[in-house]
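Chemist: Sharing a structure with you now.
Rule-based calculations on the coordinates, nothing more; no lab input. Just so it is clear, the structure is predicted and the values come from calculations on it, not from any experiment. Neighbour counts run over all protein chains shown; Cβ positions are idealised from the backbone, glycine included.
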Amino acid sequence: MRLILLGPPGGGKGTVAKELEEEFNIPIISTGVILREEIERKTRLGKKVQNIMSKGRLVPDEVIIEIIRERIKREDCKKGYIFDGFPRNIEQAEFLEELNRELGKYIDYVFYFEIPFPKVIERLTNRRVCKKCNTNYNLLFNLPQKDNICDICGGELYQRDDDKKETIKNRLKVFTEQTLPLKKYYQEKNLLAKVDANCNRNALFLEIKKILGGL
């Protein structure tokens, strides 16, 4: 099973991806997580993209494509994978299609998470992330048991630079210009399934699971 989760930042894609990973035992491929790990490790790649990401801009296609090319060929992707945050534009989608043809694979579903932009801003400005395990929390509806401490690993929670209000507005502008056209792109390929992301995560997961029941 090969899935793409598509939609604006803050739509709940990361949370649902983890639930799908557990349910179907296939890995999440999140370019955002991979890049943030590189930044934390202060690698050459991390230093290169840190300034770009902190301003809400997209990392160049050639960097993302190289990451995906290597990741998709690993052993744990044989049964499938969940893309969270990729592709981000038509060029990346065309690259993925070409790569899957080379590997004899295909995408089963592209889920588009529909949510109003004001709700995105509200969610993201209240999001906090664990520095150790990248678990997401939210000050509105998913508080940790102890202030600023991760329930899972005890790591410190923080607000990412790209979750600040002005950066979020820029991210949404970039999303509208570069990523939103993928909705039509995948709709024309009869792969798109629209889901209401302006609800609690349990309802969203059940909606997606119901659609996947047709596989």
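Chemist: Please find, in a Gaussian network model of the chain (springs between Cα atoms separated by less than 10 Å), the residue of LEU103, LEU192, LEU182 whose mean-square fluctuation is greatest.
Modeler: Its mean-square fluctuation being the largest, the pick is LEU103.
Chemist: For the chain, what is the mean residue ellipticity at 222 nm derived from helices alone (per DSSP H run of n ≥ 4: -39500 (n - 2.57); sum divided by total residues; nearest 500 deg cm²/dmol)?
Modeler: -13500 deg cm²/dmol
Chemist: Using θ = phi - 60° and the Karplus form 6.51 cos²θ - 1.76 cosθ + 1.60, what ³J(HN,Hα) does each residue of the stretch 175-187 get, whole Hz, x for Gly and Pro?
Modeler: 4, 4, 6, 10, 9, 4, x, 5, 4, 5, 4, 7, 5
Chemist: Using Cα pairs closer than 8 Å and at least 6 residues apart in sequence, work out the relative contact order for the stretch 2-212, in percent.
Modeler: 30 percent
Chemist: Turning to a different aspect of this structure: What residue among LYS165, LYS119, LYS189 shows peak mean-square fluctuation when the chain is described by a Gaussian network model with Cα springs under 10 Å?
Modeler: Residue with maximal mean-square fluctuation among LYS165, LYS119, LYS189: LYS189.
Chemist: Provide the gained length on full extension for the span ASN136 to ASP76, in nm with one decimal, where the gain is 0.36 nm per separating residue minus the Cα-Cα distance.
Modeler: Gain on stretching ASN136 to ASP76: 19.2 nm.
Chemist: Could you tell me which of rounded, prolate or oblate describes the stretch 89-162, using a ≥ b ≥ c as the square roots of the eigenvalues of the alpha-carbon gyration tensor, with rounded for a/c under 1.5 and, failing that, prolate when a/b is larger than b/c and oblate otherwise?
Modeler: Cα axes put the stretch 89-162 in the prolate bin.
Chemist: Counting other C-beta atoms within 10 Å, which of PHE24, PHE141, PHE111 has the fewest, and how do the rest follow?
Modeler: Ordered from fewest to most neighbouring Cβ atoms within 10 Å, PHE24, PHE141, PHE111 come out as PHE141, PHE24, PHE111.
Chemist: With springs only between Cα atoms under 10 Å apart, run a GNM on the chain and tell me which of ARG71, ARG101, ARG160 wobbles the most.
Modeler: ARG101
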